[in-house]
Each structure stands twice: as structure tokens, then as C-alpha cells.
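Asker: For reference, the structure I am asking about is given below.
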């Protein structure tokens, strides 16, 4: 369910606030939204009257991205008072383009890098986010609240962040579009970090066109983020670029081993391939096995960068927060174990605190980047003469289990390639397995963001599989008592 067709931006904002109150704060209680902006209808009216590109459309923002109205908590009680009064540069760009910040969304605490036994979508600040398609199932992390909120019709779009899978997996299992742009296209300043090598913000929306419009608003260079030095020169009007979207004659590589071992997902993927063939795409089978060393060295990179990058962010916060280092966060969690550590621990934090060997880190990052980039995406595209790589994004949503943690199907998907290489990755709906959404991933070269979005829009136009509507109730098998 979305805002009524033809509704004014102000009316749409009012309807969305009412829907959040009825479904997120009451009713099935999705725990997707943790703060709302009561001034949004008035702000939407002003932005629409000003003739700005986004014309007062509403956007929910993941709560690891600073906005001036609220504290930015990353889901942790340690940052409950992290009220900086600042807009992250990407939020300043959003407002300048006529977007209205409708509120903040829940997330996997600390962007899901605290524990190896976590339940995605849980934070001490916001509780356990539910998947609107099946409220007993998981929304995936860490942009869980953003994905669930868009699927539930709480806003026109949302902003998530990704280090590896945190935009695309929630997009897949919540049945929406999620786009992880080239790292460096969108500023990371005033965003609670994990890794300067892999972090990026990106749009989450109900269509590729909406995601492209939001990306056009937030992309651009930021002097405080050296990774974005090329962004102004590289960015285009991503929404306008969709007008000529076509895959006629375009080579697309099928990552066959990354389809996974779920036959229902494989059947859905075959239907998507048939749609692409009918649209004129030239499909090429690719036999690629992701090397174990890629995951090993990516993890080593994230551990080292987490300790340093998070400390730099915390040290620079002007708010009266009780933690300024990873070690202090670990101690805070122990002191507040009943609230923070009831369901799972902080073993990844503890590993990161010990990851101090800079030479080992540099070697790991170089090897991971080589395996994902030069010998991964770049080699596969060149060797098989294709423009894009495709695979299912993830399997259907698993049952949420706070006691045992996630039951994620790791056999599906190739997103780690794009995450480590810093290249664009689009996930968009390709249908459902037993009414549980499954996404299609499209991966491309660095700075090929517009082309990846065009390919997604071309597929979106020819997609034959029906898409499910959120049930806002626990999953139940059809035809069963």
C-alpha cells in the first residue's frame, strides 16, 4: 500500500505519518521507524512550491546517518545522546533537492558488525524489525528498517548504508529496489562507519526510477571525504538516463554457481533470464567460484578499519557521548549487558579491538581488492565480453530467531564482489517463493552506476513474475490448516 495516486506531497506525507502510527507504532508493530518528523507535511508543501527536483517527496533515513533533528545512535544505547545538530552532507544534498526527511529508521545495531550470532534488524534502541511480508521473518540487515519501511509504504523512499549486503539483502527480502553505488559517489561524512574501503550510502525505493531520482539528489563530491573526489565529474541525472533503458544486444553474464542450492530460487531466476532473453539480452554462462581468501581478507580488512574509523567518528562527535573508542563501546556493553548483550554478544568487536597489525591489514586489503576487482568483476566482464553480471541477491527471508541468531542462506548471491571492489550493485524484485520476495542482482564496473540502473529499469519493464504485497502478518503456507 502506498500513498493515493495523485496525492499532493503534503497529503502524502500526512498519510505516511498516519500509516507509521497505525502499523509501526501499533497493529503489527514492525519496529522499522524510530523517529518521525511531524513537520513533514508542511515541509513537503514548501519544497513542492519551490519547484525543486524531489518536489517534497519523503525519505526515511537509516539511524547511522546524521540528521540535525535527532540523535544518531547506530542502534546503540551508547549513542543515545549523539545529538550532533548536523546534517550529513548527503542529507544536506537531499534537502537542497527538495526531499523531506520523514524520520529515522531502525537498523541492525552498529550496522551488524558486533556479533557473529546476531539477529539482523535488532538494536537496543529500536528492538527487532519485522519483515512486512511475513512479520515472523527477518528483514535482513543492516538497513533493515529502511527496507521494511519502504515495503510497508511508510515513505516514498529511504536511505540505507552498505558495507557488504546491507542495502541489497534488505531490498531483496523486503521486495523493493536497493542500490549500492560505486564507493565514492556518495559522501560518508557524518555517517557512523565500519570501513572507509567499503562503506557507502544508497537509495532504497519501490522502483528503479525512484531509486535513480534519489541517487541523483544525494550523489556528489565532498571535500571531507577523499573517496568522493571524482563524484561530481562522474555523476549524471540517473533518472533521466533511464529513458533509453534497454538490454537489446547487451551481454550479461550469469553467475551460475551463485544461484545457490534452493530449487525454488533457481526456478525464479530462470524466469528472470527468460524475460531478459525476450528483451534481447545476450546471456553468457559463467562458471566462477568465489575464492575463500576473498572472504577471509575482507573480514580482516573490516576488523582493522572498524577500530580506527569508528574511533575517528566518535572522537569528532560534538555530542556528550560516553564512548570515544571501540574499547569504550565494549566496556559500555558489558556494563549494560542486560539491555545490550541479552540476545547476542560482541565477539566481532572484541576481535576488531585486537586487530592492530597494520602490515597484515594492508596485505589483506590489497589481496581482497585484487580478488574482487582485477581478478573478479573486471576479469569476468572482460573475459566473457559482457557488460553486467547477474545472480539472485539472496534467498527468501528466514524466520527471526533472537535466541540462535540468523539462518542466512550463504549459497545465494555474489554481492561480496561488488562490496569489496567498490562497484555498483542493484537489487530489484524478480518475484517470490511462497509469497516471500527474492531479488535479482545486477553488478557492473566502477562508475558504471547509470548503466546498471538502466539495465535494472529495462528488466523491470519486462518482468513477468508477479510481485507479492506485504501481508503484515506472520507467514503461513497457503492451503494449510
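Asker: Looking at 281, 311 in this structure, which one is surrounded by 15 or more Cβ atoms within 10 Å (Cβ to Cβ) and within 30 Å of residue 433 (Cβ to Cβ)? Outline the logic, then answer.
Answerer: Values: 311 fails: within 30 Å of residue 433 (Cβ to Cβ).
281 is the lone residue from the list that is surrounded by 15 or more Cβ atoms within 10 Å (Cβ to Cβ) and within 30 Å of residue 433 (Cβ to Cβ).
Asker: Which one is farthest from residue 358 (Cα to Cα), of the residues in the stretch 278-295 that are assigned to a helix (DSSP H, G or I) and touching a residue at least 60 places away in the same chain (Cβ under 8 Å)?
Answerer: Looking only at the stretch 278-295, we keep the residues that are assigned to a helix (DSSP H, G or I), and these are 278, 292-295.
Checking which are touching a residue at least 60 places away in the same chain (Cβ under 8 Å) leaves us with 278, 293-295.
Working: 278: 51, 293: 18, 294: 18, 295: 18 Å.
Ranking the qualifying residues of the stretch 278-295, first place goes to 278.
Asker: Output the number of residues of the stretch 369-409 satisfying the condition of being over 20 Å from residue 177 (Cβ atoms), touching a residue at least 40 places away in the same chain (Cβ under 8 Å) and not in a loop (DSSP other than H, G, I, E, B).
Answerer: Final tally of qualifying residues: 10.
Asker: Name, by its number, the condition in (1) touching a helix residue (DSSP H, G or I) at 6+ places or on another chain (Cβ under 8 Å); (2) surrounded by fewer than 19 Cβ atoms within 10 Å (Cβ to Cβ); (3) farther than 24 Å from residue 381 by Cα; (4) in contact (Cβ under 8 Å) with a residue 60 or more places away in the chain that does not hold for residue 246.
Answerer: The failed condition is (3).
Asker: Separate question: Could you check the stretch 104-134 and list, in sequence order, the residues that are touching a strand residue (DSSP E or B) at 6+ places or on another chain (Cβ under 7 Å) and on the phi > 0 side of the Ramachandran plot?
Answerer: Start the filter on the stretch 104-134 by keeping residues that are touching a strand residue (DSSP E or B) at 6+ places or on another chain (Cβ under 7 Å), which leaves 104-109, 111, 119, 121-122, 125-126, 128, 131, 133-134.
111, 121 - these are the residues of the stretch 104-134 that are touching a strand residue (DSSP E or B) at 6+ places or on another chain (Cβ under 7 Å) and on the phi > 0 side of the Ramachandran plot.
Rundown of residues vs (1) at pLDDT 95 or above; (2) on the phi > 0 side of the Ramachandran plot, yes/no style:
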| position | (1), (2) |
| --- | --- |
| 364 | yes, no |
| 373 | yes, no |
| 379 | yes, no |
| 389 | yes, no |
| 408 | no, no |
| 412 | yes, no |
| 418 | yes, no |
| 422 | yes, yes |
| 449 | yes, no |
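Asker: Does residue 438 count as under 17 Å from the mean Cα position of the chain (by Cα), part of a helix (DSSP H, G or I), touching a residue at least 40 places away in the same chain (Cβ under 8 Å) and surrounded by 24 or more Cβ atoms within 10 Å (Cβ to Cβ)? It would help to see each step written out before you state the result.
Answerer: Working: under 17 Å from the mean Cα position of the chain (by Cα): yes; part of a helix (DSSP H, G or I): no; touching a residue at least 40 places away in the same chain (Cβ under 8 Å): yes; surrounded by 24 or more Cβ atoms within 10 Å (Cβ to Cβ): yes.
Taking the combined requirement at face value, the residue does not satisfy it.
Asker: Continuing with the same structure: Search the stretch 10-32 for residues that are farther than 17 Å from residue 156 by Cβ and pair each with any residue that is part of a helix (DSSP H, G or I) and at pLDDT 95 or above when their beta-carbon atoms are under 6 Å apart and the residues are at least 6 apart or on different chains.
Answerer: Between residues of the stretch 10-32 that are farther than 17 Å from residue 156 by Cβ and residues that are part of a helix (DSSP H, G or I) and at pLDDT 95 or above, the close pairs are 30/24; 30/148.
Asker: Continuing with this model, one more query. Does residue 445 meet the test of being in contact with a helix residue (DSSP H, G or I) (Cβ under 8 Å, 6 or more places away or on another chain), buried (at least 17 other Cβ atoms within 10 Å of the Cβ), closer than 25 Å to residue 302 by Cβ and touching a residue at least 60 places away in the same chain (Cβ under 8 Å)? Please lay out each step first, then the result.
Answerer: Working: in contact with a helix residue (DSSP H, G or I) (Cβ under 8 Å, 6 or more places away or on another chain): yes; buried (at least 17 other Cβ atoms within 10 Å of the Cβ): yes; closer than 25 Å to residue 302 by Cβ: yes; touching a residue at least 60 places away in the same chain (Cβ under 8 Å): yes.
Yes: the conditions hold for residue 445.
Asker: Let me ask something else. When the stretch 452-465 is examined, which residues are found to be part of a helix (DSSP H, G or I) and touching a strand residue (DSSP E or B) at 6+ places or on another chain (Cβ under 8 Å)?
Answerer: Initially, the stretch 452-465 is screened for residues part of a helix (DSSP H, G or I), giving 452-462.
Hits for the stretch 452-465 are 452, 453, 455, 456, 459, 460.
Asker: Now a separate question. Could you identify the single residue in 14, 42, 48, 55 that is assigned to a helix (DSSP H, G or I) and under 26 Å from the mean Cα position of the chain (by Cα)? Write out each step before concluding.
Answerer: Values: 42 fails: under 26 Å from the mean Cα position of the chain (by Cα); 48 fails: under 26 Å from the mean Cα position of the chain (by Cα); 55 fails: assigned to a helix (DSSP H, G or I).
After ruling out the rest, the residue left standing is 14.
The values are calculated or read from the model by the stated rules, or taken from the named source; none is laboratory data. Fair warning: this is a prediction, and the values are worked out from it, not measured in the lab. Heads up, the Cβs are rebuilt from the backbone with ideal geometry, glycines too, and the neighbour counts pull from every protein chain shown.
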